Amino acid sequence: MTSSVKPDRSGQRTVALSDEGFPLYGLLALSGAIFISMATEFLPGGLIPQIAADFDRSAGDAGHLITIFALTVILTAAPVAILTRRVPRKALILIAFALIGMGNIATVLSPSFEFLLAARVVGALAHGAFWSVVAAYPAHLVRPTQLAKATALTAAGGSVAGVVGIPLGNAVGQAFGWRVSFGVLAALVVLTGLLMAWKLPPIAVPRSIKHSSKGPPAARRDATLPAILIVCLLFILVVGAQNSFGTFNVVWLLDVAHVAPAAVPIMLFIGGVASAVGVALTGVLYNKFPIRLFLVSIAVLAGLLGSLPVVAGSEPAVWLLSALLGAVFGGVPIMLQTRMMISASPRMRNAAAALQTTAINIGIGGGAFMGGVVLDRISLDALPFWAAICMLVALAAAGVWEIYNERRRNNGPRKEKVVNHGVYG
């Protein structure tokens, strides 16, 4: 299926779908922008020791750079999505992406830790606007049967951020200083922004929103809202569990597993490659085994996190488990993102994308915050155990909902709608 651009009745250029191919170049451009956005959000996690030393702060304080970023997105993503609902989607992506670049420049120039926090807030505001559009964009470009493939392709940008961006940023930070890492990201924003302006197909603002004076459609009247909210809950639990340990992963590797500092970028690179493999496999397997693939992945993540402290004294085992964590977790957000866009009705997709962005950042910020609490009040050694327990909570929540959903499918009077709008399909 290819994307051709046509004017609608108002003169707005829109994407028209045909059956011949797949909008590969547009999705690749979007994937590149996601790479920058994800690297901007998570790069401080790989540079916590350097940032903390530069400003004479603790590792827990430096971890707040991720927390404050996520908190800003939580508070602003939905309001910004409402305020910008009539802005053409492609234009909004380009504006938000430019502001992400400005936030990175401000980060490079930060004279104090407080200024650095303010720069992160600017980047987070743009990040929330960016993701409130990006999360739904592939659903407007491809048919439902291609959504898992399209989502995996755009999400590959996040995987590349893990494979190249964050490990390379860590290495550059060690060699030249953490500010240089953010400077490189700022330069990449310019190149990627030009590529998006050239190759990303535009889509129209939904007519129900464009011609409404009362705001977005009433979500309470939409039958898909319960499934949307459940997916949001699972995002919070899974991402929160992962980030409660992942935010301080480098600190744990250095101080508990005693991995040499020079080996950390290599380990992060291997984990990123494994994550990319997980994304690719998810794109292939998800449509065949949506329920089992998700539940098994969460169970395996809990087991791997709980095993890390046990093998901390064996560096080869730590390397292996870290790679497996990357591979398994890499596909989990793809499953949830795909389910969100399949579950949401067309008129709810943009609202679902904003709620999804909020939920992800609640998980990121809440996970980083709770990880910092465990680090400061219990011990660094306990972090993987805490993350494993949180992951089991996510597994229990997913299992309970699936049991409930199965009973509705079997016994409910509206069987067809339950099948279409269930969390896993």
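The values are calculated or read from the model by the stated rules, or taken from the named source; none is laboratory data. The model shown is predicted, which means the values in this text are computed figures rather than measured ones. As a convention, Cβ positions derive from the backbone with ideal geometry for all residues, glycine included, and neighbour counts pool all protein chains shown.
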Scan 58, 10, 37 and give me the residue that is surrounded by fewer than 24 Cβ atoms within 10 Å (Cβ to Cβ) and at pLDDT 80 or above.
58
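May I ask you to list the residues in segment 311-336 that are touching a Pro at 6+ places or on another chain (Cβ under 9 Å) and either part of a helix (DSSP H, G or I) or surrounded by fewer than 17 Cβ atoms within 10 Å (Cβ to Cβ) (or both)? So that I can check it myself, show each step before the final result.
At the first step, the residues of segment 311-336 found to be touching a Pro at 6+ places or on another chain (Cβ under 9 Å) are 312, 335.
Result: 335, single match.
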Is at least one residue of segment 31-40 part of a loop (DSSP other than H, G, I, E, B), touching a helix residue (DSSP H, G or I) at 6+ places or on another chain (Cβ under 8 Å) and within 21 Å of residue 182 (Cβ to Cβ)?
no
Condition met for residue 80 (out of contact with any His (no Cβ under 6 Å at 6 or more places or on another chain), crowded, with 17+ Cβ neighbours inside 10 Å, under 23 Å from residue 55 (Cβ atoms) and β-branched (Val, Ile, Thr))
no
Of the residues in segment 48-90, how many are without any contact (Cβ under 8 Å) to a residue 12 or more places away in the chain and under 22 Å from the mean Cα position of the chain (by Cα)?
2
Does at least one position in segment 178-192 carry a residue that is of a type outside the set (Lys, Arg), at pLDDT below 90, over 21 Å from the mean Cα position of the chain (by Cα) and more than 27 Å from residue 330 (Cβ to Cβ)?
no
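For the condition within 27 Å of residue 175 (Cβ to Cβ), touching a residue at least 60 places away in the same chain (Cβ under 8 Å) and touching a helix residue (DSSP H, G or I) at 6+ places or on another chain (Cβ under 8 Å), what is the one hit in 309, 290, 265, 333?
Details: 309 fails: within 27 Å of residue 175 (Cβ to Cβ); 290 fails: within 27 Å of residue 175 (Cβ to Cβ); 333 fails: within 27 Å of residue 175 (Cβ to Cβ).
Every option except 265 fails the conditions.
Listed residues 268, 281, 308; which is over 23 Å from residue 233 (Cα atoms), surrounded by 24 or more Cβ atoms within 10 Å (Cβ to Cβ), modelled with pLDDT of 85 or more and among the aliphatic types (A, V, I, L, M)? Before the answer, list the steps.
Details: 268 fails: modelled with pLDDT of 85 or more; 281 fails: surrounded by 24 or more Cβ atoms within 10 Å (Cβ to Cβ).
Just one listed residue meets the conditions, 308.
Yes/no matrix, rows are residues, columns are (1) among the aliphatic types (A, V, I, L, M); (2) within 25 Å of residue 366 (Cβ to Cβ):
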{"site": "61", "(1), (2)": "no, yes"}
{"site": "73", "(1), (2)": "yes, yes"}
{"site": "89", "(1), (2)": "no, no"}
{"site": "92", "(1), (2)": "yes, no"}
{"site": "116", "(1), (2)": "yes, yes"}
{"site": "130", "(1), (2)": "no, yes"}
{"site": "142", "(1), (2)": "yes, no"}
{"site": "146", "(1), (2)": "no, no"}
Looking at (1) touching a residue at least 24 places away in the same chain (Cβ under 8 Å); (2) in contact with a helix residue (DSSP H, G or I) (Cβ under 9 Å, 6 or more places away or on another chain), which is the one condition that is false for residue 122?
(1)
